[in-house]
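Below you'll find the structure, written out as structure tokens, and then a few comments.
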Amino acid sequence: MKQVIISLSFVALTISNSIFAQQEKSLTLKSAYKDDFFIGAALGLSEIYEADQKSNDVVKNQFNSIVAENCMKSMHIQPREGEFFFDDADRFVALGEKYKMFTIGHTLIWHSQLSSWFFTDKNGKDVSAEVLKQRMKNHIHTIVTRYKGKVKGWDVVNEAIMEDGSYRKSKFYEILGEEFIPLAFKYTQEADPDAELYYNDYNEWYPKKIETIIKMVKNLKSRGIRIDGVGMQAHVAMEGPTMAEYENAIEKYASAGVKINITELDISALPVPKGQSGANVADTYAYNKEFNPYVNGLPKDVEEKWEDRYADFFRLFLKHKDKIRRVTLWGVTDSQSWKNDYPVKGRTDYALFFDRKCNAKPVVEKIIKLAETK
Ligand code: XIL
């Protein structure tokens, strides 16, 4: 009898262990982090048009938020004045509804990937402040109204402030001064009062940059113009920034009364050209074999360091989960990551969580475990 009880309990234990192991295996990023923050991914045209089922399965199973990588940028969505091209963005938003995602629009006002008509009159001269305001308003109202209630948050303004705390000398700034930012937020709020509104930038852990962004946030708030979050792009390298620099930024933005979104996270495993930092898309470097050392795969020791760097960031995000609304990776798989072409074109990078065959890398399990053991 004793023997039977012992073997029965052994069987029960084995079954419950294997159920547990299965449960653990079936945990996904979005389920592991469901009580902490949204986990998102940027989608390119391939996912938007569901061209690769494996990649779309990763999106569906692992993430609960999506953002448009390119199709909502002004040069794509309004290539000529008054001529809107909505096909790709419509598909993107429809996919968000189908997958029940927290869908993010990126981006309304940005100096880059912008058609030159925005600032020029028919003689090629700069337009007046009044005309530029009208164009911004029409651009924002048309897009935001179309996706009202479906796009839950907008990167209203992207990359307007430099690392030294000065304003970027973009045409928006040249023609309208600092005021172009409050105007963009006001127009977006008018078009969809329920959408969350964000200011998004890279290298936003530089102390002077933090100061100016906070001043801008406070200015908006004091004038009754809503801003809900600061987006920290987080295209980060292995070497920097430090966790202390990042933590300082998160704490400072939060104390200005906004949520933090980690909006474009990717960690390049490749060497950084001297002097390069951040993600200004115009700053590119000539190809050189030394910059592309791992064409046949990441060596184990490099991959482990890279995993540790991701783990450090997620530990920090978990520590500050009360301040963080969303952590979004800039892409789904390594094969379509922009890091293969930025800042040096034609490299083989390994910046994301899913490999070139859409398989989860070991880092995924580690990141899931962090949420489980917090
Ligand atoms: C990048 C896209 O990933 C690329 O496909 C495109 O060629 C250039 O732009 N900061 C941003 C993003 O806010 O929109 C940029 O996306 C990366 C840097």
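The values are calculated or read from the model by the stated rules, or taken from the named source; none is laboratory data. Predicted, not measured: the structure shown is a model, and the values here were computed from it. Quick reminder, even Gly has a Cβ in these numbers, built from the backbone with ideal geometry, and neighbours come from all protein chains shown. SASA here: full protein model, heavy atoms, side chains in, ligands and nucleic acids out. Shrake-Rupley method; radii C 1.70, N 1.55, O 1.52, S 1.80 Å.
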(request) Using the Cα centre as the reference, give the magnitude of the dipole from point charges on the C-beta atoms of the stretch 272-374 (Lys, Arg: +1; Asp, Glu: -1; all else neutral), rounded to the nearest 20 debye. (result) 340 debye
(message) Give me the percent of accessible area attributable to carbon and sulfur for the stretch 38-372, probe 1.4 angstrom.
(response) 50 percent
(request) Whole Å is fine, so just give me how far the alpha carbon centre of the stretch 104-138 lies from that of the stretch 280-316. (result) 36 Å
(request) Please list Asp164, Asp126, Asp35 in order of solvent-accessible area, largest first, computed with a 1.4 Å probe with all protein chains present. (result) Asp35, Asp164, Asp126
(message) Which order do the peptides 49-62, 313-326, 95-108, 149-162 come out in when sorted by mean C-beta neighbours inside 10 angstrom, highest first?
(response) 149-162, 95-108, 313-326, 49-62
(request) Among Asn200, Phe119, Gly153, pick out the residue whose Cα is farthest towards the positive end of the charge dipole of the chain, where Lys and Arg carry +1 and Asp and Glu carry -1 on C-beta, about the Cα centre. (result) Gly153
(request) Sum up the charges of everything whose Cβ sits under 9 Å from the Cβ of Leu329, counting Lys and Arg as +1 and Asp and Glu as -1, but leave Leu329 out. (result) -2
(message) Using the crude model of +1 on Lys and Arg Cβ and -1 on Asp and Glu Cβ, and no other charge, please compute the dipole size for the stretch 38-372 relative to its Cα centre, in debye to 20.
(response) 580 debye
(message) Can you give me the distance in nm between label points at Tyr99 and Asp121, each placed 7 Å from the Cα along the Cα-to-Cβ direction?
(response) 4.6 nm
(message) How tilted is helix 87-98 with respect to the longest principal axis of the chain? Cα atoms for both, answer in degrees (0 to 90, nearest 10).
(response) 40 degrees
(message) Among Met216, Thr103, Ala244, whose Cα projects farthest towards the positive end of the dipole of the chain, with charges put on the beta-carbon of Lys, Arg (+1) and Asp, Glu (-1)?
(response) Thr103
(message) With angles folded into 0 to 90 degrees, how steeply does helix 53-62 sit against the dominant principal axis of the chain? Use alpha carbons for both and round to 10.
(response) 80 degrees
(request) Compute the accessible area per residue over the stretch 38-372, keeping the other protein chains in place, probe 1.4 Å, unit Å². (result) 41 Å²
(request) Taking the chain as the reference, fit the longest principal axis to its C-alpha atoms, fit the long axis of helix 362-372 to the helix C-alpha atoms, and give the angle between the two in degrees, 0 to 90, nearest 10. (result) 90 degrees
